[in-house]
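A short worksheet on the structure shown next.
The values are calculated or read from the model by the stated rules, or taken from the named source; none is laboratory data. Please read these numbers as outputs of a predicted model, since none were measured by experiment. Because the Cβ atoms are built from the backbone with ideal geometry, glycine has one as well, and the counts that use them run over all protein chains shown. Areas reflect the complete protein model, heavy atoms only, side chains present, ligands, DNA and RNA absent. Shrake-Rupley method; radii C 1.70, N 1.55, O 1.52, S 1.80 Å.
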Amino acid sequence: MKNLKMLLSYMSEFKRPYITAIILALLSSFCIVLIPLIIGMAIDLMVFGNTNFTLLLIYFATLLVLYSISEFLNYLVNKIAGEISQKTMHRLRSDLFQKIQGISISQLDILQVGDVISRMTVDVDNVGTGLMQGTIQLLRGVGVIIGTMIVMIALNPIIGLTVVLLTPLSLVVSTIIAKGAKKHYQANATARSELTSVSSEHIANQRAIIANGYQEIAMDQFEVTNQKAKTSYFYSHFYSALTNPSSRMINNFIYIVAGALGVFLKVSVGGISSFLIYSSQYTKPFTEITSVITDIQKADVSLTRVFAILEIPEEPDVLSLVQFDKTHGNVAFKNVYFSYDKKRSLIKNFNLDVKSGEKIAIVGSTGSGKTTIINLLMRFYNIDCGDISIGDMNINTVPFQSLRSHISMVLQDSFIKNATVYENIAFGNPSASYDIVKNASIKAQCYDIISRLSDGFDTVIDGNTLSKGEMQLICIARAMVENAPILILDEATSNIDSLTEIKIQNAFLELMKDKTSFVIAHRLSTIKDSDRILVLENGNIAEIGNHKELIKKKGKYFDLYNNQYNVN
Amino acid sequence: MKKLLRFISPYKFITALGITAKLIEGLLELTLPLIMADIINNALTESSTYITNRLLLMAGIVTVCFALAFICQRSAAYVGANFGHDVRCALNKNIHSMSFSNLNKFKNGKLLNSLTNDITHTQTSVSIFIRLVTRTPFITVGSLIMAFTISKEISLIIFAVLPITAYILYKIMRKSIALHKVTLKSLDSITKSTHENLVGARVFRAYNKAPSEIVEFESKSSDYANKAIKAIKVLALSSPLSALVVNIGVALVVLIGGQFVHTGNLLAGDITALTTYLIQILISLTILSNVGIVFTKAESSASRINEILETTSEILDSQNPITDTSEILPSIQFDNVSFRYNETSTNAINNVTFNIEPSSWIGIIGVTGSAKSTLINLIPRFYDVSSGSISIGGVNIKDISLKTLREYVGIVPQKSQLFNMSIQDNIKFGSSAVFEDIEKAARIADCEEFINKKHNKFNEMISADGKNLSGGQQQRLSIARTLARKPKILVLDDSLSALDNNTENTVATGLKENFSKTTTLIITQRISSIKYCDKILVMKNGELQDFGTHKELISRCDEYMNIYNSQKGGGK
């Protein structure tokens, strides 16, 4: 019900076509209801040697007109229903997308990528076909049923009432069957998802399976779920396939009863014909309605899934026009506390003062909180207490747009959009001129790489076109174009060869000129020249100082350094 | 679809039973309007017993029809379920027998999709085929014949209507299937965009791209909507247009039928029967055209399934392969080995020859793309050499059974692959290792500490893709898995890289102590990892650049010097 209300608000712009479609649908059912009556009347005209041809012609013409009108209306209804359902789906998709852009990263991190995509596609589709088209079809069917009932009862109350009273029988039977099938359908759905998770795990790790000779066991595991899928498929499909013959049998009985009654009650031949057509035409919408109702139920479930995302509150932005001054590059963390999981504290009383232009390196093992510092500075996550400021302004008091254009970021997992190289480099400033982009790529040492691509800067690339190292160079060029006063650089950990890495180092140095920078380093050789090195441990600063100081101290940094460079 | 028919053959009998039952049902059902016409025509003249008998006959027919339909639906579900199961089984078996190069050809999503959705599509089409497809042409033809027996002249109207309707339905279906395909492509780009924005969310935010991304997405989404609407408009014509043609036929039957009744050539009840048959034909044709969609889907699904089924591994056991390796020493000889990924590509490995002593520690170093991983993937025959030969302890690896060879050579891959099962099962992973072996392997791989911190220790479940473990922990578990198999040749394919230096040291020391007989190959990017090694292979562009100790290499190998300097000197 709540869903329906929300959906109605969505549909408000389609109210007119929707109502039009319903009216047209009802009109067409009106025509459909009249037709058997006319056919019956026409048949009654036919008498051996005494047929009224003028009237027969008139009925013939009336039939043609009614057929044409009803089918034309049907066409219009199909068309309008399809159109508004597609447009509603478009709205839903766009809103979902906008929502994804509006909610905080912390909330986004909880969502599963595949799940969101399936809500965006499959569920939105279900809503479109089920709710928009389904409801119209439902109303058309109901119109035909009610109209037929009225005409039949008016024609002959006894036959009419008998047919009307018998018809629900087929509904009862199909409901019983549907209930029986439901259990097996659920079992089938479970078996199928089990099958999917088993095989997706196997397929993703097929190489490990081969290398360890695990095939036999894997196949046995698969067979267990495959058997379940087979059994449940058999029962669910058998039961649901019974609906059709059962309701057909009942319909046929009704057909016989209508005919018999007609004959015994001495109804005219035409009258019986009308009834026979009615009784067969009348059961059709019932079967349609059953399937439409399933669609609508499916749509309702999907709608809940779609709205679950749409209801996530968006991250509130600062509604002022305050902007950071582009010359401010000093950053201060004061008594900052933060944890992802409120049960386990991570960053406790973190303090750090960074002067404009200072080069800060951050080292530490996995889980020491290096990435967390970036998450907090960029406000991907909000701190629990304390404050972070840039140039004396608390980052919470400035709009996201200003904060994020004040900081450039190069992450270790280089993100490449499926777009041209040019668009990827001019990412933060799409209006950047060709010269700016070219210069940035030269400074980022990726101009040669780009020149080698088939269409140079206009080559469309994605995450699979370039090597890891090359992608990071493109990302560095991207940061060059943005030219923000503060930098966050996260080195790629592995799988980049030393020579490309030298390029990346040089590009980093070029990028860092005259800027405040935070470098998360995995190779200690790259940070020897940093003004200060932060050694993080469990979210806290274990050591701080420049390379020489820390080496002299013979503490954690000294150990790390020796470990990495002691070759012999 | 044709090629998949062999999977139905074990169920030939039941398939035939289902189809026959359905055909008889159709035949019997066709007689109903005829009997009804007879009743109507004779209502006034015949006795009520005559009519009651006819009515009872009809009721009998209806009941028999249901029984036949029951048999048919049951056979259809049975054959569909078994067909699906058998195809899935064959497909899965084939995937498991694929070689690495076979696997490289298919995207994971494609294999998965075939195992699930594609099979469902084909099995549905098998069921539908039994239930509907044989029946509908039969009903159509049958209705025609019945109409013909009533009145040859009026049947001509039906003869005219039939092809027109069929043509309309066919044309519209073809057009809308074509449009549907275009629409699907557009849907792809929506999926891509969403995926990209979710995966790269931080970068999009960092560059304030939300407004422009929203605009871009809106245009993609509306492009999709427009294409879908175009397809819908065509499809929306299908049922009204075909119904109109048939109904004009009905009106004509009524008009011309009047003529015949007037002249005494037909009875009024016959007209009723004729219109019923005509409507019957319309319903059959509509069903057929709807089924057309199911079959187009099934056809493309079937071709994807076949593509996978027809891919067979080129890496096979030799005749009478060696299965006992107890006498084979873990030395490795590469003799003029060249390898290319496929016939047309250039050599990934070019004329490589070297000899590794048993129980030695060998480092393999080189820049990305120098074919380090390719080189070691040849040893357990993940790929077969294109020319030259590889031997272990003087025995050509092709003479050893694949299973034995892969037990003998343990590779820890770059990317750890963990399964959604307990830690213990992840380490054991099909090997004969008992719990003590597993514990020991975990200890050497430095997993003990974090395993003991887990609530259920070795029985702790690992979530899919090892998400509840850090990268380093995953890597260590992956090392433990290989160690539990006690390989005679151990290859660490850059698998120490996710570990910090201290952990790396611990693992290396543990290996030296406990696997002293094992020949160990370490692929690495880090010069610092080389310190454990007796000798080092330097690779460049698929060629062996040099093979020697650190001291030798530093004095004579330029490539090695380059790498060394780039790391040692910090870019200076």
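Scanning the range A:97-121 for residues that are in a helix (DSSP H, G or I), facing chain B (nearest Cβ under 8 Å) and among the hydrophobic types (A, V, I, L, M, F, W, C) yields A:97, A:100, A:105, A:108, A:113, A:116, A:117, A:120.
Among the residues of the range A:384-406, those identified as under 30 Å from residue A:556 (Cα atoms) and either surrounded by fewer than 20 Cβ atoms within 10 Å (Cβ to Cβ) or facing chain B (nearest Cβ under 8 Å) (or both) are A:384, A:385, A:386, A:387, A:389. Return yes or no: is residue B:51 surrounded by fewer than 20 Cβ atoms within 10 Å (Cβ to Cβ), within 7 Å of chain A (Cβ to nearest Cβ) and either in contact with a Pro (Cβ under 7 Å, 6 or more places away or on another chain) or part of a helix (DSSP H, G or I) (or both)? Spelling it out, residue B:51 is indeed surrounded by fewer than 20 Cβ atoms within 10 Å (Cβ to Cβ), within 7 Å of chain A (Cβ to nearest Cβ) and either in contact with a Pro (Cβ under 7 Å, 6 or more places away or on another chain) or part of a helix (DSSP H, G or I) (or both).
Conditions (1) crowded, with 17+ Cβ neighbours inside 10 Å; (2) within 13 Å of chain A (Cβ to nearest Cβ); (3) out of contact with any helix residue (DSSP H, G or I) (no Cβ under 6 Å at 6 or more places or on another chain), marked per residue:
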residue: B:463; (1), (2), (3): no, yes, yes
residue: B:469; (1), (2), (3): yes, yes, yes
residue: B:473; (1), (2), (3): yes, yes, no
residue: B:502; (1), (2), (3): no, yes, yes
residue: B:523; (1), (2), (3): yes, yes, no
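Only one entry of B:120, B:194, B:149, B:165 meets the criterion of being farther than 30 Å from residue A:405 by Cβ, within 29 Å of the chain's Cα centre (by Cα) and either buried (at least 20 other Cβ atoms within 10 Å of the Cβ) or polar (S, T, N, Q) (or both), and that entry is B:120.
For residue B:480, state whether it is more than 9 Å from chain A (Cβ to nearest Cβ), part of a helix (DSSP H, G or I), open to solvent by less than 10 Å² (accessible area, probe 1.4 Å) and over 28 Å from residue A:364 (Cβ atoms). In short, no. Cβ separations smaller than 7 Å between residues 6+ apart or across chains give the following pairs from the range A:376-399 residues that are touching a residue at least 40 places away in the same chain (Cβ under 8 Å) and at positive phi to residues that are open to solvent by 40 Å² or more (accessible area, probe 1.4 Å) and outside any helix (DSSP H, G or I): A:386/A:334; A:386/A:335; A:386/A:337; A:391/A:325; A:391/A:328; A:391/A:330. Scanning the range B:197-222 for residues that are more than 7 Å from chain A (Cβ to nearest Cβ) and either open to solvent by 60 Å² or more (accessible area, probe 1.4 Å) or of a type in the set (Val, Ile, Thr) (or both) turns up B:211, B:215, B:216, B:219. Checking each residue of the range B:82-93 against the condition of being open to solvent by less than 10 Å² (accessible area, probe 1.4 Å), among the aromatic types (Phe, Trp, Tyr) and under 30 Å from residue A:244 (Cα atoms) gives at least one match. Residue B:391 is checked against (1) touching a Leu at 6+ places or on another chain (Cβ under 8 Å); (2) buried (at least 17 other Cβ atoms within 10 Å of the Cβ) and fails just one. What number does that condition carry? (1) is the only condition that residue B:391 fails. State whether one or more residues within the range A:192-206 are assigned to a helix (DSSP H, G or I), more than 17 Å from residue B:419 (Cβ to Cβ) and either among the polar types (S, T, N, Q) or in contact with a helix residue (DSSP H, G or I) (Cβ under 8 Å, 6 or more places away or on another chain) (or both). Yes: the range A:192-206 contains one or more residues that are assigned to a helix (DSSP H, G or I), more than 17 Å from residue B:419 (Cβ to Cβ) and either among the polar types (S, T, N, Q) or in contact with a helix residue (DSSP H, G or I) (Cβ under 8 Å, 6 or more places away or on another chain) (or both).
Which residue out of A:167, A:175 is away from chain B (no Cβ under 14 Å), assigned to a helix (DSSP H, G or I) and crowded, with 20+ Cβ neighbours inside 10 Å?
Being away from chain B (no Cβ under 14 Å), assigned to a helix (DSSP H, G or I) and crowded, with 20+ Cβ neighbours inside 10 Å holds for just one of A:167, A:175, which is A:167.
Checked across the range B:243-266, the condition of being over 45 Å from the mean Cα position of the chain (by Cα), at pLDDT below 85, aliphatic (A, V, I, L, M) and farther than 28 Å from residue B:131 by Cα holds for no residue. Applying the set (1) surrounded by fewer than 21 Cβ atoms within 10 Å (Cβ to Cβ); (2) among the hydrophobic types (A, V, I, L, M, F, W, C); (3) farther than 29 Å from residue B:42 by Cα to residue B:236 leaves exactly one unmet item: (1). Within the range B:451-461, can you find the residues that are open to solvent by less than 80 Å² (accessible area, probe 1.4 Å) and either modelled with pLDDT under 85 or of a type in the set (Asp, Glu) (or both)? Within the range B:451-461, B:454, B:460 meet the criteria.
Selection within the range B:244-269: residues that are of a type in the set (Gly, Ala, Ser), in a helix (DSSP H, G or I) and without any contact (Cβ under 8 Å) to a residue 40 or more places away in the chain. The member of this set that is surrounded by the most Cβ atoms within 10 Å (Cβ to Cβ) is B:258. For the range A:249-279, a residue qualifies if it is surrounded by fewer than 20 Cβ atoms within 10 Å (Cβ to Cβ), more than 7 Å from every other protein chain (Cβ to nearest Cβ) and not aliphatic (A, V, I, L, M), and the qualifying residues are A:264, A:266, A:268.
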